[in-house]
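Read through the structure below, which is laid out as structure tokens, and then see the notes.
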Amino acid sequence: MVSHKKMHERNVLITGAAHGIGLQLALGFARSGARVMMTDINESEVLQRASELELEGFQVTGVRCDVTKESEVKFAVAQAKVEYGGVDVLINNAGIQHVDLIEDFPVEKFEEMIRIMLTGPFMLSKLVIPLMKQQQYGRIINIASINGLIGFAGKAAYNSAKHGLIGLTKVAALEGADDGITANAICPGYVDTAMVRGQFEDLARTRNTTADKVLEEVIFPLVPQKRLIDTEEIVQTALYLCSESAAGITGQSIVIDGGYTVR
Ligand code: NDP
């Protein structure tokens, strides 16, 4: 039997929710009526964003959680249990970027990135899956990337972490299949966020040009739709994965990239 929960009955925990895609996901789920626990390494920002949303009338709480620290991950899940009674939807979103050739990539940076984008999602899944099994319902959404599907020079850690995250998604899907739990990855291409704009600016500096020129001359030729992805496209996909009609979608990687990986 496939169980279902209505959106207003859902408790959602999102990592890296102070900025960018995570913040938009928090807003999207809050607007749909869910109770949202926004977590982030940046405590002051996440508390600020959460209190702004609360003032707008949404059911939102902010909690500090550095996903590399097991004690903070445990604390965030414990808080979700105390305040909301559990976690129905886990969105592993926190991520960082660092670009270097393998030969120049600092080992510490590589390990930090794997810990943020792979070990963190593993620790959170490990804690929430038993809660989801108890209630015979759960949705795990891992924000991966097209970097989890194809190789990009200079992105040894990011690419390895995102490939691993897609593997973790498949295992969670198999292990949760008998208990009403689905796990899926969303794989965006270039999304219009501060993180990506920053990358274009870095590239522009090395080429002595502007970020807009980088977009037009370097990025758009790679993207058949010649545009950046809007965060709302990620939000609507995540909401769909939590809808009753998506109950049979599990272990999948949903690519939103304007056609980047098609050819
Ligand atoms: P942002 O940098 O805007 O947001 C990432 C958030 O994660 C920030 O609030 C950041 O906090 C937080 N964070 C960083 N380290 C940790 C940590 N150790 N524990 C908890 N939170 C942490 O990035 P985006 O919104 O662009 O990216 C969100 C996700 O989407 C990432 O996983 C990224 O890989 C993925 N993605 C993004 C794409 C894009 O084009 N933007 C494309 C494909 C995938 P702070 O900034 O305060 O350090």
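The values are calculated or read from the model by the stated rules, or taken from the named source; none is laboratory data. Source: prediction; values computed, not measured. Cβ: placed from backbone, ideal geometry, glycine included. Neighbour counts: every protein chain shown.
See the values below:
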{"quantity": "Residues (within 17 Å of Tyr240 (Cα to Cα) and either within 17 Å of the chain's Cα centre (by Cα) or surrounded by fewer than 20 Cβ atoms within 10 Å (Cβ to Cβ) (or both)) located in segment 174-184", "calculated": "Gly180, Thr182, Ala183, Asn184"}
{"quantity": "Evaluation of Gly62 against (1) more than 9 Å from the ligand (Cβ to nearest atom); (2) without any contact (Cβ under 8 Å) to a residue 60 or more places away in the chain; (3) part of a helix (DSSP H, G or I) (one fails), failing number", "calculated": "(3)"}
{"quantity": "Test: residue in segment 106-124 that is away from the ligand (no atom under 16 Å from the Cβ) and among the acidic types (Asp, Glu)", "calculated": "no"}
{"quantity": "Segment 28-41, residues that are more than 14 Å from the chain's Cα centre (by Cα) and more than 13 Å from Val63 (Cα to Cα)", "calculated": "Ala30, Arg31, Ser32, Gly33, Ala34, Arg35"}
{"quantity": "Index of the failed condition, Leu25 passing every other in (1) in contact (Cβ under 8 Å) with a residue 60 or more places away in the chain; (2) part of a helix (DSSP H, G or I); (3) more than 10 Å from the ligand (Cβ to nearest atom)", "calculated": "(3)"}
{"quantity": "Test set (1) crowded, with 18+ Cβ neighbours inside 10 Å; (2) more than 12 Å from the ligand (Cβ to nearest atom); (3) of a type in the set (A, V, I, L, M, F, W, C); (4) at pLDDT below 95 - Leu239 fails condition number", "calculated": "(4)"}
{"quantity": "Residue count for segment 1-44, restricted to those that are among the acidic types (Asp, Glu) and buried (at least 17 other Cβ atoms within 10 Å of the Cβ)", "calculated": "1"}
{"quantity": "Some residue of segment 57-76 being more than 24 Å from Val191 (Cα to Cα), among the small types (Gly, Ala, Ser), buried (at least 20 other Cβ atoms within 10 Å of the Cβ) and touching a strand residue (DSSP E or B) at 6+ places or on another chain (Cβ under 8 Å)", "calculated": "yes"}
{"quantity": "Every residue from segment 199-214 that is of a type outside the set (A, V, I, L, M) and within 28 Å of the chain's Cα centre (by Cα)", "calculated": "Gln199, Phe200, Glu201, Asp202, Asp212"}
